[in-house]
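First the structure, in the form of structure tokens, and then the observations on it.
The values are calculated or read from the model by the stated rules, or taken from the named source; none is laboratory data. Remember, it's a predicted structure, so these values are computed and weren't measured experimentally. Here the Cβ positions follow ideal geometry from the backbone for every residue, glycine too, while neighbour counts run over all protein chains shown.
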Amino acid sequence: STIPEIDEVLVSMTEPDPATRPTAYEAMKALLDAIGAIPPVSLIIEPELVPLQSVRLTT
């Protein structure tokens, strides 16, 4: 993502040790807390548009 607080939670969810990895509830709460602390206007992030490539179908 482009938000470090969210990235921190996402990385913690990949921790191989279950004792240090957050539970689903803890991860959800941490994400909600991170998003709730961000002013709404800061959550408006312009998308990165990637041009479509033409696809050639063969029969």
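Annotations for the structure displayed:
- When residues in region 6-35 are screened for being of a type in the set (Asp, Glu) and assigned to a loop (DSSP other than H, G, I, E, B), 2 of them pass.
- So Asp33, is it loosely packed, with under 10 Cβ neighbours inside 10 Å and modelled with pLDDT of 95 or more: no
- Filtered residues of region 5-21 (kept if loosely packed, with under 13 Cβ neighbours inside 10 Å, under 13 Å from the mean Cα position of the chain (by Cα) and hydroxyl-bearing (Ser, Thr, Tyr)): Thr14
- Any chance Ile38 is part of a loop (DSSP other than H, G, I, E, B), surrounded by 12 or more Cβ atoms within 10 Å (Cβ to Cβ) and at pLDDT below 95: yes
- Single residue of region 41-59 satisfying the filter (part of a helix (DSSP H, G or I) and of a type outside the set (Gly, Ala, Ser)) that is surrounded by the fewest Cβ atoms within 10 Å (Cβ to Cβ): Val41
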